[in-house]
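*Asks:* I'd like to ask some things about the structure below.
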Amino acid sequence: MSEALWPYLVVIACGFLPTELWRLLAVTLSRGLADDSEILFWVRAVASALLAAVVAKLVLGAGGALADVPLAGRLAALAVGLGGYFAARRSVIAGLVAGQAVLVGIAWLR
């Protein structure tokens, strides 16, 4: 194997395949579940909590280039992103574009 290709093989073996295995297992086990079952409500709640934790970590404990943007700017971008999400009838793309525009604008002005 070429020396340039082995990192890609490692990424596939350690990143892609385990993730796909869990996805396949989840699809197989969830076939008989109703959309309004208690377990799916719990799974959605856990997924939402994890997403909220990641966003909070990025906004409050920013690192790298994001740390150069002041906390007030990051909070403003979050607020505008949420406003865009709800203003566009729960469009994730609209919220993302609105929040990113504010964040990039603040970073550019600094």
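*Asks:* Out of V46, V55, V59, which single residue is assigned by TED's automatic domain parsing to the domain that holds Q100 and in contact with a helix residue (DSSP H, G or I) (Cβ under 6 Å, 6 or more places away or on another chain)? Outline the logic, then answer.
*Replies:* Values: V46 fails: in contact with a helix residue (DSSP H, G or I) (Cβ under 6 Å, 6 or more places away or on another chain); V55 fails: in contact with a helix residue (DSSP H, G or I) (Cβ under 6 Å, 6 or more places away or on another chain).
Every option except V59 fails the conditions.
*Asks:* Condition check: loosely packed, with under 10 Cβ neighbours inside 10 Å, over 24 Å from R110 (Cα atoms) and without any contact (Cβ under 8 Å) to a residue 40 or more places away in the chain. Does E3 satisfy that? Outline the logic, then answer.
*Replies:* Working: loosely packed, with under 10 Cβ neighbours inside 10 Å: yes; over 24 Å from R110 (Cα atoms): yes; without any contact (Cβ under 8 Å) to a residue 40 or more places away in the chain: yes.
Considered against the rule, which asks whether it is loosely packed, with under 10 Cβ neighbours inside 10 Å, over 24 Å from R110 (Cα atoms) and without any contact (Cβ under 8 Å) to a residue 40 or more places away in the chain, E3 comes out as yes.
So that you can scan it fast, the table gives a plain yes or no per residue for (1) surrounded by 14 or more Cβ atoms within 10 Å (Cβ to Cβ); (2) without any contact (Cβ under 8 Å) to a residue 12 or more places away in the chain; (3) of a type in the set (V, I, T):
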| residue | (1), (2), (3) |
| --- | --- |
| A45 | no, yes, no |
| S48 | no, yes, no |
| G73 | yes, no, no |
| G81 | yes, no, no |
| I93 | no, yes, yes |
| A98 | yes, no, no |
| V102 | yes, no, yes |
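*Asks:* Going by the conditions given, is L40 closer than 27 Å to R110 by Cα and either polar (S, T, N, Q) or over 15 Å from the mean Cα position of the chain (by Cα) (or both)?
*Replies:* Details: closer than 27 Å to R110 by Cα: no; either polar (S, T, N, Q) or over 15 Å from the mean Cα position of the chain (by Cα) (or both): yes.
Here the answer is no, as L40 does not meet what is asked.
The values are calculated or read from the model by the stated rules, or taken from the named source; none is laboratory data. Because the structure is predicted, anything quoted here is derived from the model rather than measured. All Cβ positions, glycine included, derive from the backbone under ideal geometry; neighbour counts span all protein chains shown.
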